[in-house]
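**Student:** Sharing a structure here in structure tokens format.
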Amino acid sequence: MPRVSSAFFTVAAICGLIGMVWGSYMGSSGDHALHPAHAHLNLLGWVSLSIMGGFYALPGAPAAGVLSWVNFALSSIGAILMGALLPQVMQQKLPGQAMMASEIPVILGMICFLIVVITSWRRPAA
Ligand code: HEM
Ligand code: HEM
């Protein structure tokens, strides 16, 4: 497996673990107020990072170049900031615009991923 996939899966599993502990706490406390932050830490962290990491490990996938590492850095930072900042914004400790610090890297990370996926069309089909 390429190193970049190991990196994606490491951060994904950490986000998944924190997200699940958070969900378990919500379930036992009955306080679901921050469920969108739990949801997006899991969906951007555990799910989206796993999908990207899985793509780079596919047979015939493009060799892990600089763009795949930029993809990893942006998508990971964005997912972590989503989980960290959204509770602050929902509790009105930070303005809504603070979410741009998460959304911009998440979106740029997805643009990097899309470029790598489109580039893979140039390679012969496996
Ligand atoms: C141990 C694992 C988990 C527990 C105990 C848990 C628990 C919860 C709880 C208590 C809520 C609030 C429900 C509500 O107020 O309607 C919730 C919402 C949510 N969770 Fe989890 N969760 C877990 C894992 C996950 C994972 C792995 C994902 C995604 C891959 C996920 C995605 C969501 C989503 C999308 C919502 C929002 C649902 C809605 O808007 O109705 N959860 N979760
Ligand atoms: C930059 C990335 C994203 C942004 C800014 C964003 C933003 C939002 C917003 C504003 C809501 C409404 C929340 C509410 O009304 O309480 C929402 C809900 C939701 N989003 Fe996202 N989202 C993003 C990425 C994703 C991704 C990648 C997934 C799935 C893989 C996803 C799945 C959901 C789901 C299931 C809900 C409904 C559950 C909930 O209320 O928390 N989102 N999102």
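The values are calculated or read from the model by the stated rules, or taken from the named source; none is laboratory data. Predicted model, so just to flag it, every value in this text is computed and none were measured. Every residue, glycine as well, gets a Cβ built from its backbone with ideal geometry; the counts of neighbours run over all protein chains shown.
**Student:** Could you look through segment 36-52, keep only residues that are closer than 15 Å to M110 by Cβ and of a type outside the set (S, T, N, Q), and pick out the one that is surrounded by the fewest Cβ atoms within 10 Å (Cβ to Cβ)?
**Tutor:** I51
**Student:** Something else now. Would you check if there is a residue in segment 62-70 being modelled with pLDDT of 95 or more and within 15 Å of ligand 2 (Cβ to nearest atom)?
**Tutor:** no
**Student:** Report whether or not F55 is among the aromatic types (F, W, Y), surrounded by fewer than 20 Cβ atoms within 10 Å (Cβ to Cβ), out of contact with any Pro (no Cβ under 7 Å at 6 or more places or on another chain) and not in a loop (DSSP other than H, G, I, E, B).
**Tutor:** Yes.
**Student:** Look at segment 34-54 and say how many of its residues are near ligand 1 (Cβ under 6 Å from one of its atoms) and farther than 19 Å from V89 by Cα.
**Tutor:** Quick first cut of segment 34-54, residues near ligand 1 (Cβ under 6 Å from one of its atoms) only: 35, 38-39, 42-43, 46-47.
Then keep just the ones that are farther than 19 Å from V89 by Cα; that gives 46-47.
Selection size over segment 34-54: 2.
**Student:** Out of A13, A101, A73, A33, I need the residue that is surrounded by fewer than 18 Cβ atoms within 10 Å (Cβ to Cβ), under 10 Å from the mean Cα position of the chain (by Cα) and among the aliphatic types (A, V, I, L, M). Which one?
**Tutor:** A73
**Student:** If you don't mind, another one. Is it true that L108 is within 12 Å of ligand 1 (Cβ to nearest atom), closer than 22 Å to V4 by Cβ and within 19 Å of the chain's Cα centre (by Cα)?
**Tutor:** Values: within 12 Å of ligand 1 (Cβ to nearest atom): no; closer than 22 Å to V4 by Cβ: yes; within 19 Å of the chain's Cα centre (by Cα): yes.
No, not satisfied.
**Student:** A further question on this structure: Tell me, please, whether a residue that is touching a His at 6+ places or on another chain (Cβ under 7 Å) and closer than 19 Å to M26 by Cβ can be found in segment 87-95.
**Tutor:** No, segment 87-95 contains no residue that is touching a His at 6+ places or on another chain (Cβ under 7 Å) and closer than 19 Å to M26 by Cβ.
**Student:** Moving to a separate point now. Looking at S120, S48, S102, S68, which is the one that is assigned to a helix (DSSP H, G or I), polar (S, T, N, Q), more than 20 Å from P2 (Cα to Cα) and in contact (Cβ under 8 Å) with a residue 24 or more places away in the chain?
**Tutor:** None of the others qualify; the one that does is S102.
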